[in-house]
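For reference, the structure is listed below as structure tokens.
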Amino acid sequence: MTGTTKHPHDAEYRLLDTEYKIKMNGGEVVGPEETPNLKKENWRNLVAYWILGLCNNYGYVVMLSAAKDILHAQTPETWGDEGHNSERDCNYMSTGAILLADILPCLVIKLIAPFLPFFVHVRVALCVLSAAGGLLLVAFSESQFMSIFGVVITSFSSGLGEVTYLQYSSFYHKNVISSWSSGTGGAGVIGALSYAALNKLGIRNALLIMLIVPVLMGVSFWFILRQPDEKGDVALQHKINKDEINDPYESFKKKLAILPGLMKFMIPLGLVYLFEYFINQGTFELINYDDTFIDHAAQYRWLQVDYQIGVFISRSSVNLIHIKNIWIMAILQLFNVAIFTTEAIFYYIPAFWVVLILTLWEGLLGGGAYVNTFYRISTEVSEENKQFSMATTSFADSVGITLAGIFAIFAHNAICDMPKPVRLTF
């Protein structure tokens, strides 16, 4: 006797799962080590999940890429207008404020959604509508409040989408995780690049053109993705949903019991995101080069593009390179924090292209931590706990990003009050 309390429906869950495995294997009983291959890998599902990853993160990336422009348009005052040191090129408000507006709704929805019944079609419809609504609000904004509210609505869509699609991935072959991760990495590159290019048309026109993305999300989910069989995993999920509604307290207790085992995934992932988003929103806007071919605002946008290229490469790499120890990437990302922060203060890196190389490396670490974390969950966690584990672990990166946004605001204010140093040159 181990003293472990079992959920009253655990046996029923296992029975449903076993019946599904026997059915999919032509009536033969299979062992646990064989079960990952029973969910058929289908090219439509891989394509659909790549597009879903792209569309889900696109608006989030665009809002961060546009952060400096949004703040400048709605708050044209500079740091010097408020009586502070005016030697540096600083907005009155840090881009960390946009980061907080872009992540706090994600944080809230990721905290709540894993404990709610999983009605996937309702969730996806909400994602599509809120993604479009966020773009429209920012496009037609006439005040800082309206702009930030639009960012919040976009963030809600991204957070709900990430939880939902990661949970839903448990119905498919494990390779949809690498496809999803690659798509989210692609969102970074395409989102940052498209904003940098379309910005020449004005922020309003750029955001209106981007409304095609929420439409594409709906098409991908309802028309490209093959919906799972109504037996097997779906029957298991229906049973779980029914139990969550009929006995929410017992279901809640069971989910809480899973949490300690997820810390090995959540803590290192959260730290990687804390460090990298502090760099992106706390230092990028403060690293300026006067004698280069692009102005300060464009430098910020292209650093975002460069970072997203690194993320895309590493999030697409899990089938080639699988890294189990995420702690290594957290430590390396901490070294990057030291480099970028001291550069923002002292201007000791002599050339912009050196910063671009470091930014690419930072993106590689961040994307690698994300995809390898969720790939491990897809291969190591039991079927009945996989959906909850996917959704809950995604909460960790949002916690890290939220803390990064808070720290970025304080860092921005402190560094902007410092005298502007003389840039070292070769």
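One residue alone among Ile339, Ile406, Ile357, Ile401 is of a type in the set (A, V, I, L, M), within 16 Å of Phe284 (Cβ to Cβ) and within 18 Å of the chain's Cα centre (by Cα), and that residue is Ile401.
One residue stands out in the stretch 180-212 among those that are surrounded by fewer than 24 Cβ atoms within 10 Å (Cβ to Cβ) and polar (S, T, N, Q): the one that is nearest to Ala66 (Cα to Cα), namely Asn199. Would you mind telling me which numbered condition in (1) more than 21 Å from the chain's Cα centre (by Cα); (2) modelled with pLDDT of 85 or more Leu166 fails? The number of the failed condition is (1). Just one residue in the set Ile309, Ile294, Ile267 is free of Cβ contacts under 8 Å to residues at least 40 places away in the same chain and either in contact with a helix residue (DSSP H, G or I) (Cβ under 9 Å, 6 or more places away or on another chain) or buried (at least 24 other Cβ atoms within 10 Å of the Cβ) (or both); that residue is Ile294. The residue list Tyr300, Tyr273, Tyr289 contains one member that is of a type in the set (Ser, Thr, Tyr) and at pLDDT 90 or above, which is Tyr273. Reported count of residues in the stretch 337-354, each being touching a residue at least 40 places away in the same chain (Cβ under 8 Å) and surrounded by fewer than 17 Cβ atoms within 10 Å (Cβ to Cβ), is 5. Residue pairs whose Cβ atoms lie under 6 Å apart, separated by 6 or more positions or on different chains, with the first residue in the stretch 179-202 and free of Cβ contacts under 8 Å to residues at least 24 places away in the same chain and the second buried (at least 18 other Cβ atoms within 10 Å of the Cβ), are Leu198/Ala206.
Each row is one residue, and each column tells you yes or no for (1) surrounded by fewer than 23 Cβ atoms within 10 Å (Cβ to Cβ); (2) assigned to a helix (DSSP H, G or I); (3) touching a residue at least 40 places away in the same chain (Cβ under 8 Å); (4) among the acidic types (Asp, Glu).
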residue: Asn372; (1), (2), (3), (4): no, yes, yes, no
residue: Tyr375; (1), (2), (3), (4): yes, yes, yes, no
residue: Lys386; (1), (2), (3), (4): yes, yes, yes, no
residue: Thr393; (1), (2), (3), (4): no, yes, yes, no
residue: Phe407; (1), (2), (3), (4): yes, yes, yes, no
residue: Ala411; (1), (2), (3), (4): yes, yes, yes, no
residue: Ala414; (1), (2), (3), (4): yes, yes, no, no
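Could you tell me which of the residues Ile328, Ile323, Ile357 is surrounded by fewer than 17 Cβ atoms within 10 Å (Cβ to Cβ) and closer than 24 Å to Thr393 by Cβ?
Criteria check complete, one pass: Ile328.
Do we find that His173 is under 19 Å from Val219 (Cβ atoms), more than 19 Å from the chain's Cα centre (by Cα) and surrounded by fewer than 23 Cβ atoms within 10 Å (Cβ to Cβ) in this structure? No; evaluated as a whole, the condition is false for this residue. In the set (1) under 30 Å from Asp247 (Cα atoms); (2) in a helix (DSSP H, G or I); (3) modelled with pLDDT under 85; (4) hydrophobic (A, V, I, L, M, F, W, C), the condition left unmet by Ile109 is number (3). Is it true that Arg376 is within 26 Å of the chain's Cα centre (by Cα) and of a type in the set (Lys, Arg)? In short, yes.
Residues being at pLDDT below 65, in a loop (DSSP other than H, G, I, E, B) and acidic (Asp, Glu): count how many of those fall in the stretch 210-247. Matching residues across the stretch 210-247 total 1.
Per the conditions (1) at pLDDT 85 or above; (2) exposed (fewer than 15 other Cβ atoms within 10 Å of the Cβ); (3) over 22 Å from Ser378 (Cβ atoms), the sole criterion not satisfied by Ala257 is (3). Looking across the stretch 368-426 at every residue that is within 21 Å of Val355 (Cα to Cα) and basic (Lys, Arg), the one that is modelled with the lowest pLDDT is identified as Arg423.
The values are calculated or read from the model by the stated rules, or taken from the named source; none is laboratory data. Because the structure is predicted, anything quoted here is derived from the model rather than measured. As a convention, Cβ positions derive from the backbone with ideal geometry for all residues, glycine included, and neighbour counts pool all protein chains shown.
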